[in-house]
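Comments concern the structure below.
What follows draws every value from the coordinates through simple rules; no lab data is involved. Because the structure is predicted, anything quoted here is derived from the model rather than measured. A quick note on method: Cβ atoms are made from the backbone with ideal geometry, for glycine too, and the neighbour counts reach across all protein chains shown.
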């Protein structure tokens with residue numbers, strides 16, 4: 001008689017697919033690389049305190065300062081205090097809301113204090129946008145609907161402007177122009193402008209007044225045929241014809 005089999009502890013346990021295992025491994029690798037400490041809100045006899053959730057009192061602030069693109073401890077403390085005020089309800093900072101805002105800021109990878117402040121404003125505007133989105137979905141009167149729509153529209157446009165401002169600041173306000181190679185056959189001429197297809201199957205060229213034509217540098221450009229200006233002919237009437 002064979003001994004009874006021991007129960008398999010993995011029996012009935014969900015087995016992830018290959019894609020799920022790859023996603024889990026990627027997530028664990030990114031989590032291990034993410035070393036920004038989180039915020040902890042404690043309520044004690046001396047009041048409410050906002051601190052870093054890190055075992056070392058020196059390494060924690062250094063990691064947070066690095067994630068905010070600064071080395072100034074006063075800037076870090078001031079920004080944390082502002083985040084606490086922005087999320088306070090009844091004079092009580094919301095720990096989860098602060099960590100969300102901080103996650104948005106550090107996710108933007110700020111290079112300096114100005115980028116960190118702009119990212120903080122973007123996080124706050126996003127939070128307000130979602131708040132008014134919820135309010136718009138629960139309006140009861142036309143007046144409440146109009147008010148929520150106006151606020152939501154302003155907040156959404158402000159967020160888009162902030163995104164553009166961050167992009168311009170990071171690029172120094174420079175615009176890149178890419179010039180592609182233009183190939184012209186022998187005896188031909190390159191046309192810069194819009195070309196529309198005519199009904200008969202030929203292309204009708206629209207006149208270009210602001211951008212000159214580009215000709216092949218290997219051959220002389222095609223000459224422009226001169227046309228004589230139209231002359232004004234007086235209108236003939238019956239009176240002039242003796243009629």
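One decimal place: the segment residue 141-residue 18 gains 39.1 nm when fully extended, by the rule 0.36 nm per residue minus the C-alpha distance.
Each label point was placed 7 Å from the Cα along the Cα-to-Cβ direction; for residue 56 and residue 114 their separation is 3.3 nm.
Approximating the spin labels as points 7 Å out from Cα along Cα→Cβ, the residue 33-to-residue 165 distance works out to 3.0 nm. Among 29-37, 115-123, 56-64, the peptide with the highest mean count of other Cβ atoms within 10 Å heads the list, and the full ranking is 115-123, 56-64, 29-37.
Any number yet on Rg/Rh for region 33-171, C-alpha, Kirkwood?
We get a ratio of 1.03 for region 33-171.
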